[in-house]
Every structure is written in C-alpha cells, then in structure tokens.
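Report on the structure given below.
The values are calculated or read from the model by the stated rules, or taken from the named source; none is laboratory data. What you see is a predicted model; the values in this text were computed from it and never measured. Cβ placement follows ideal geometry from the backbone for every residue including glycine, while neighbour counts extend to all protein chains displayed. Just so you know, the surface numbers come from the protein's heavy atoms only, side chains and all, with ligands and any DNA or RNA stripped out. Shrake-Rupley method; radii C 1.70, N 1.55, O 1.52, S 1.80 Å.
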Amino acid sequence: MASARRLLRPPVLGLAAAFFFPAAAAAQTPTLAERIEACGACHGVDGNSPMEKIPSLAGQPELFIANQLILMREGVRPVEAMTPFVKDLKDDTVVALARHYAALQPKPSGEAADPALAARGAEIGKTKRCDSCHLPTLAGSAQIPRIGKQRIDYLIHSLKQFRDSPHPGADTIMSGAVAGLSDADLAALAHYAAAR
Amino acid sequence: MTSPSLRRSGFAVAGTFALLAAASFPAAAQPPGFSKMDLTKPAASGQDAKLRPHATPNTVTPGDKIPVDKVKLPRGFKAEIWSQGHPGARTMVEGAKGTIFMGTRLIGRVYAITNKDGKRETKVLLQGLTQPNGLAFKDGALYVLAINRVLRYDNIEDKLDNPGQPVELTDKFNLPDTIHHNWKYAAFGPDGKLYIQVGANCNVCEINNGTHGQIRRYNPDGTGMEIVARGVRNTVGFDWHPVTGELWFTDNGRDWAGNAGPEDELNRVAKGQEGAFYGFPYCHANGVPDPDVRIPNACRGVVLPAALTGPHSAGLGIRFYTGDMFPARYKNVAFIARRGSWNREQKFGYDVVIARTSGGKARLSPFLTGLLDEGKNEFHGRPTYVHQMKDGSLLVSDEQNGATYRISYQGRTAKKK
C-alpha cells in the first residue's frame, strides 16, 4: 500500500524545470511563449510530436488538454516527466496553453502505417464504438481526445496502459473498451486511428 | 494492491531526454480491474450513438457565470451563491465546528469550506486522490473514501491548514478496487455504522453479488461488515427517514436501453429486510426485465422502488429535511438532487425534487428548477448533493460550476425571486 504522502504529493524534478526554463531559474514565472517553447522541445514546435511515444497535441480539443494538464498538476494523473512543467500552472495558463494547441493543425507523424493493420483496426473499432466518443473523424471533442493523426507508438503505449493498469486514472471508459484485446488488436487500433 | 511505483508511472511518458527518461511502462502484473462481461448493446437501443457523458470543467467558474439567477423555487424560497471557486463540487458533510467538507470526482480534491466574517473561505484540504466522493464525519474525524481507499483524519477541524497523515483503514475495509461506478458514497447511520456502496462495475453485466452491486455497513474501524442491500446498480446517495429510521437510497438505472429508461429509482430498505435484492442486472425500475441480460421471471423476488425518479435523470444526493426554517409541510420530506441525463436525446433532470414518503411509497414533485433549458436542450448547472445546514437552510452543490447555492425560506410575503 502506498503511503498517503507519496500518493498525494507526486515527486518533483526541479532540475528539469530549470533546464527548460533558463530565464525562469531566477524564480520568475515563465511567460506563455516560454512555456510553449518548452512544450515544443518534446511535443513538436507545431504541436506535432517528432519523438517516440510523445503524444502530438496539435488539434486536440481544448477541454481535453486543459483537463489533462490539471489532472497532472493535481497528481490524479501523475506523469513524472511532466510534473515540473505543470506543478505551478494556474488555471488561466492551462486554458491559454490548451487554446494554443487546439488551434494548431494536426499532421501525420511519418511513422510507417500498415494499411492491412489499419483495416483490421477499423473493424475492431466498429465493435468498440470508438466513433461514439472520438467522433467518426476521430478528431475528438470536448473532454475526449483526438486520436486521428496521433503517433502510432504513443497510441499503442497508451492503449496498453488502459488495458493493463488496474488503476488507469480517473476515467474508466477506455479500460472497459479495451479489456480483453490482444497486443495485436491494440496495434491494429493504433494504425487505424493514426491513419485517419 | 498495486505498488505505488507502478501506479505512479502508470501514465509516464518515456522521455528521450536522459534527464527526464522515465522507464517505459512495466509489463502488466495484474489483469484489468474491469468486467469483460459488459452486455450492453447500444445499437439495439435506437438512441443517438453520439450520446456521451457531459464534461465537467476542472477550472474555476467566474462568479458572474454561476447561474444562480436561473434558479427557480417555490414561492417564499430564495437561492443565493453560498460558496464558489471549488471545481467539481459534489458531496458535502459538516464538521462539528461548522466546516463544510466537500468531495469531488475527476479533480481528485477534498475541499474544506469555512465561514469567516460572513464570507466563505475555501481550502484544498487534500488532492491527488482518485475520485474522493465518499466523505463522512464522526467524533471529530473526517473519513475519506476514494474508490477502495479509506482514510481517517482525526480532529480534522483543528488542522485544516495541515491535515497531516491519516489513519489508513483501506485494508480493514477491504473494498474492491474496481473504479467504474465505485466513486464512493458513505454515511454514518443512526446505528453508528458506516454505510458504503459498492456499485456494479459495468453498465449492465452479470456481477458477483458477493462483492458488487451492494450497500454495506461496517463498524467505524472496518470490522463487522454486513450487506444491507443487493442488486443495486449505482447508488451514490442515501439517508435515513427521521421517523422510521429506515434507509432510503437513490439508484441510477442502466444506459443504452432507450431514451425512456429504464427510469432511475428511489428505494427503501424496510425494517427487517436488510440484505434484500433490488434487481440488478435482471430487473429495473418498476419491473422492467433487462433486454440484454435475460433470465426467466426476471423480477421475481425483487424489491420494486418506492418511486421512479425519471429516465436517466441521475438522482444522486438525498436528504430528509428535519429543520425548522422551511414550512411545516417540508418536515421529513426528502430532497433529491438530480444531476441530469447524458444517455438521453432530450435532456432531463438538472434539478432538485422533493419526495413525500408514505410507508414504502413516495411521490415526487419539483422544487429547484430553471437550470435546464428544454427548448434549447441545454443545461446551465448540475445539482449533485444537498445538505441541511444548522439554521435549517439547504445547501445544493453544483458540480458543473464548482459552487454551492444556499436555499432559504423568506416567508410567503417575501417578493418572489
């Protein structure tokens, strides 16, 4: 059993924050532009991630981004790599960042998509009713993320977490949706979504 | 129990910067905690496939956007904003010294709201919990229930600035760690026991009656568990009738079986009927067999509800009124907050109704309305729980706007709001 302290107060990598916010090292709050620059180092300057297993943010629904930043800040969805960036985020900065990325144009990642896998993923997706929440375009809406044009490796990574972690976060819909699917099924779903 | 490191790294992103590189996610050690047996057939429901739960904002709603001016009440009653700026406002319990403790779901916080010079001061008491909806107060201690976790903060009102380490009761209560429909509701009964629900961890499926779809009661230390009600899909609100001492609970009906229902329920556990069966998953509402989980004589032996509370209306908090401020006709009447529908094309609920009980039956009538615009099919707020204050006024939490409304009675001669 985790101690309450550890669960309630996620660890902080202060060093990393200083690394990304050199101007902020002198205890100044980074500007929005500085924050966006720091985000872009991993998530891509245009919000389309060039990096393995790092999600693209371009064209994600504003509320989805805002929710995730807040859940990371609160420690409900602890992501260690993100902790230094979110720990002091105020609501208005959260909303400004979310608005910025929601307005950017999503682009395919350039990973090799397998058409046969994508076709199989489309069939699985029908039975799992992905389009019910993520919309037929898979562009997402409100609190539901865009999965169309998301990175394949990130989608696989994320789907596996939903399937395998008994504590997949505060929302349970995805865990129910992917329960019982094989690794191959999840890969097919990822290729299907990324190609949309 | 999952190790803390596994839980924390559950969503970790494998960074490419050495400085940040979190290890990639470890291989699955446990099967998912969710039913693979969900038998929902949405396509057969004839409902709009795009229906989905409405998002709850996790950011502060500015004061001028809180829709208190939309609220309509019977003549003589008045609504005002009592507290605001606490996103995700749901459950409310009052400490002996007057602190209102408030539970949430997604945002994972427990708030403490105090009165200072006639104004409310809101603190984030706890954060980072998974859906801490279950709160109960007894002998100076706050019990916090977050899915299967049970924490007790002794003398909490003396240390609101630094609650410190809780007494860990999770293992003693040994609640299932499945999350779906298991954001907790908890309350101490007149017998001094802590009553806790364990919801069905699916929309509709065969559940293990020994572990899920129940209301249980425990001694405050987690010993002496007894099952009080079985076959209960998803109750997140209950209270005891002030005269009969019987337990009454709201229950949310299944989704994806049509816009018309099956309707949600208000139920009673009659004296001596503890452990009775309320029908899930075979029999819903006032005797509707489930279309997906079929058995012969689906409603035989099922306790039918005291009242139907509307299709997909999501009746959550319930409180019997025992105060002196409201007119005598409200004495011992139950106030029920209906959070409002999502699995219904024409929205329904988003209000507070009253239930007048008589024996094992109840009649509903409107109380707080105005938060649903039926013409536009839009809602302005979502009442989730009700709490009776010491002065007899009623607090209603609005989860959508992170606020509470205080409902007071001004008298019949008062100008209609």
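In this view, the solvent-accessible surface of A:C133, computed with a 1.4 Å probe and all protein chains in place, comes to about 30 Å².
Taking all protein chains in place and a 1.4 Å probe, what share, in percent, of the accessible surface of region A:115-194 do carbon and sulfur account for? Numbers along the way, then the final one.
Values: 1770 of 2820 Å².
Using a 1.4 Å probe with all protein chains present, region A:115-194 comes out at 63 percent carbon and sulfur.
Loop sites only, by DSSP: take the chymotrypsin sites (Phe, Trp or Tyr not before Pro) in chain B that have at most 15 other C-beta atoms within 10 Å and name the longest stretch containing none of them. Walk me through the numbers on the way to the answer.
On the way: sites that count: B:F17, B:W342.
With a cap of 15 other Cβ atoms within 10 Å, the longest stretch comes to B:18-341.
At 0.36 nm per residue, and after removing the present C-alpha to C-alpha distance, how many nm does the segment from A:A41 to A:L89 gain when stretched out fully? Show your work: numbers first, answer last.
Details: separation 48, 0.36 × 48 = 17.28 nm, distance 1.82 nm.
Taking 0.36 nm per residue and subtracting the Cα distance, the gain is 15.5 nm.
Once B binds A, the 1.4 Å probe can no longer reach about 5500 Å² of accessible area, counting both sides.
From the Cα gyration tensor of region A:36-189, with a ≥ b ≥ c the square roots of its eigenvalues, which class applies: rounded if a/c is under 1.5, or else prolate if a/b is larger than b/c, or else oblate?
On the way: a/c = 1.75, a/b = 1.41, b/c = 1.24.
The shape class here is prolate.
Counting only the backbone N, which residues of region A:78-108 are under 17 Å from the spot 7 Å out from the Cα of B:E378 toward its beta-carbon? Under cut-off, by backbone N: nothing. In this label model, B:K390 and B:D324 are separated by 1.4 nm, measuring between points 7 Å along each Cα→Cβ vector. Applying 1/(1 + (r/R0)^6) with r as the Cβ-Cβ distance of B:A96 and B:R294 and R0 = 41 angstrom yields a FRET efficiency of 0.20. The convex hull built on the alpha-carbon positions of the protein assembly as shown has an orientation-averaged projected area of 27.2 nm². Across region A:115-194, the relative contact order, built from alpha-carbon pairs under 8 Å that are at least six residues apart, equals 47 percent. With a 1.4 Å probe and all protein chains left in place, how much of the accessible area of region B:187-248 comes from carbon and sulfur atoms, in whole percent? Whole-percent figure for carbon plus sulfur exposure: 51.
Mind scanning B:K70/B:K116; B:K50/B:K347; A:K90/B:K97; B:K72/B:K138; A:K87/B:K172 and naming the pairs with a C-alpha gap bigger than 23 Å?
Working: B:K70/B:K116 27 Å; B:K50/B:K347 14 Å; A:K90/B:K97 31 Å; B:K72/B:K138 34 Å; A:K87/B:K172 33 Å.
Pairs exceeding the cut-off: B:K70/B:K116; A:K90/B:K97; B:K72/B:K138; A:K87/B:K172.
Residue order by solvent-accessible surface for B:K172, B:K331, A:K53 is B:K172, B:K331, A:K53, largest first, with ligands and nucleic acids left out and a 1.4 Å probe. Legend: residues A:H43, B:H86, sorted from most to least accessible area (1.4 Å probe; ligands, DNA and RNA excluded), read A:H43, B:H86. Measuring heavy-atom accessible area with a 1.4 angstrom probe and counting protein chains only, the residues of region B:48-63 that give up at least 50 Å² relative to the chain alone are B:R52, B:A55, B:N58, B:T59. In the protein assembly as shown, the DSSP-assigned H stretches of four residues or longer account for a calculated mean residue ellipticity at 222 nm of -5000 deg cm²/dmol, using -39500 (n - 2.57) per stretch and the full residue count as denominator.
Calculate, for the protein assembly as shown, the solvent-accessible area per residue in square angstrom, rolling a 1.4 angstrom probe over the heavy atoms of the protein chains.
Working: 24370 Å² over 613 residues.
So the protein assembly as shown comes to 40 Å² accessible per residue, rounded to a whole number.
Between region B:234-263 and region B:270-286, the alpha-carbon centres lie 11 Å apart. Max-minus-min Cα coordinates of region B:71-409 on each principal axis give 61, 49, 36 Å, with the largest extent listed first. Solvent-accessible surface of protein heavy atoms, probed at 1.4 angstrom with all chains present, puts B:T244, B:T61 in the order B:T244, B:T61, largest first.
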